[in-house]
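Take a look at the structure below.
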Amino acid sequence: MKDEPQTRRQFCTRTCAAAALAALGTAFAGALESSCGGGGSPTSPGGGSLSSLPQVTGTASGSASIAVNVDGTALASTGTPVLVRSSRGDVLAVRTGASTFNALSSQCTHAACEITAFSGQSFVCPCHGSQFDASGKVLGGPAPSPLRQYTTQFANGVLTISA
Ligand code: FES
């Protein structure tokens with residue numbers, strides 16, 4: 001048998017199909033690597049290094065609030081993401097100004113893992129790498145929705161977080 005010469009159209013069709021398959025393979029490999037952490041040292045999906053959130057102790061206050069003495073903790077400085085631990089549950093918090101704070105649910109909106117890490121000023125879920133900004137907005141999936149925000153009040157060095 002003799003090979004038939006390819007037309008220019010047949011050559012392009014076959015070449016493009018092969019290129020598309022190769023691109024798909026690369027995309028799946030990338031997705032698997034990012035969802036499984038790639039087996040290397042912990043990094044955020046954006047490539048920055050992950051750190052455990054500094055922890056601050058809060059105490060139950062009133063009927064449904066958490067009070068945090070801010071002085072001497074990581075919440076004393078602006079922009080440092082923190083995990084507040086209390087008997088009422090854990091809450092993410094960050095100081096955004098002299099007397100303003102954001103407080104967020106620490107439960108990831110993807111599969112309910114507790115968010116315990118950060119990279120730069122972003123909260124990072126350790127399970128599948130979702131990233132959230134200081135207001136809880138999703139910066140990177142797979143989380144489908146923002147973190148729940150709580151009400152904050154600040155007076156006399158005490159941050160009060162209410163559901
Ligand atoms: S539980 Fe999957 S990214 Fe948080």
*asked:* Suppose the filter is out of contact with any strand residue (DSSP E or B) (no Cβ under 8 Å at 6 or more places or on another chain) and either assigned to a loop (DSSP other than H, G, I, E, B) or more than 12 Å from the ligand (Cβ to nearest atom) (or both); does P146 pass it?
replied: no
*asked:* Which condition from (1) out of contact with any Leu (no Cβ under 9 Å at 6 or more places or on another chain); (2) surrounded by fewer than 17 Cβ atoms within 10 Å (Cβ to Cβ); (3) at pLDDT below 95 is the one that A76 breaks?
replied: (3)
_For the list (1) under 20 Å from P54 (Cα atoms); (2) away from the ligand (no atom under 16 Å from the Cβ); (3) in contact with a Leu (Cβ under 9 Å, 6 or more places away or on another chain); (4) not in a loop (DSSP other than H, G, I, E, B), I need the number of the one condition that I161 fails._
(3)
*Confirm whether S135 is away from the ligand (no atom under 16 Å from the Cβ), surrounded by fewer than 20 Cβ atoms within 10 Å (Cβ to Cβ) and modelled with pLDDT of 95 or more.*
yes
_Residue that is farthest from S87 (Cα to Cα) [pool: residues in the range 107-132 that are of a type outside the set (S, T, Y) and away from the ligand (no atom under 12 Å from the Cβ)]_ = G120
*Would you be able to tell me the number of residues in the range 109-125 that are under 8 Å from the mean Cα position of the chain (by Cα) and in a loop (DSSP other than H, G, I, E, B)?*
2
*What is the one condition in (1) within 16 Å of the ligand (Cβ to nearest atom); (2) surrounded by fewer than 19 Cβ atoms within 10 Å (Cβ to Cβ) that L104 does not satisfy?*
(2)
*Restricting attention to the range 47-57, does a residue exist that is within 16 Å of the ligand (Cβ to nearest atom), in contact (Cβ under 8 Å) with a residue 12 or more places away in the chain and exposed (fewer than 13 other Cβ atoms within 10 Å of the Cβ)?*
yes
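The values are calculated or read from the model by the stated rules, or taken from the named source; none is laboratory data. These figures come from a predicted structure and were not determined experimentally. Note that we place each Cβ from the backbone using ideal geometry, even for glycine, and neighbour counts take in every protein chain shown.
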